[in-house]
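Each remark here refers to the structure printed beneath this line.
The values are calculated or read from the model by the stated rules, or taken from the named source; none is laboratory data. Being a predicted model, the structure only gives us computed values, none of them experimental. What goes into the accessible areas is simple: the full protein's heavy atoms, side chains included, and nothing from ligands, DNA or RNA. Shrake-Rupley method; radii C 1.70, N 1.55, O 1.52, S 1.80 Å.
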Amino acid sequence: MPRLAVIASLLLATAFVARAEVPPPRKPAPYPPHALERAISFEGFGAARFGDGEDALRKAWGEPLEDAGDPLEDCRYLVPAAPHADMGVAFMVEGGRFVRIDVTDPSVRAKGGGHIGMDKAALLARYPGAAVTPHHYDDEGSYIEVPGPRGGEAAIIFETDGRGVVTVWRVGVHPQVGYVEGCA
């Protein structure tokens, strides 16, 4: 009998130690970069269209989104909640409506293939109808605006630095896509 108790104790201890060494499974990101690329368009994000209410955006994302600003403000950003907070995407909501997506992840490409790290010449070759305007804060930088395919209110805006390299991009409807300081 004592031998059986010792064996049972050892088995129980082994199971406890084995369980303690195995990390809990991580929930995969709801949108890896290639899926983000497919979901982001001139129309919005997945099933959520620019102009839809905040609830449509939250439903399209499929995971919790947190307010990155004061939820009482008319314009604010919603960002992925932990553990996906560092995905490099933020959704602007103004007047209760989804109006813009900001992208800071270099692995996520815009419609047409533009991305962070691309140089200005390559970007302009990829988007021949793009308009170039001076950057507000970098005398050598610029904004490169690509109009939507149907000529509506939507556009992609790439920001380049003084070296002519894309640093961030955003897509949304006017006037919000043109705001240079987030909600301003």
(request) Whenever you get a sec, compute what percent of the accessible area on the range 75-184 sits on carbon and sulfur atoms (1.4 Å probe). (result) 54 percent
(request) Return one whole number: the accessible area per residue of the range 91-141 in Å², for a 1.4 Å probe. (result) 51 Å²
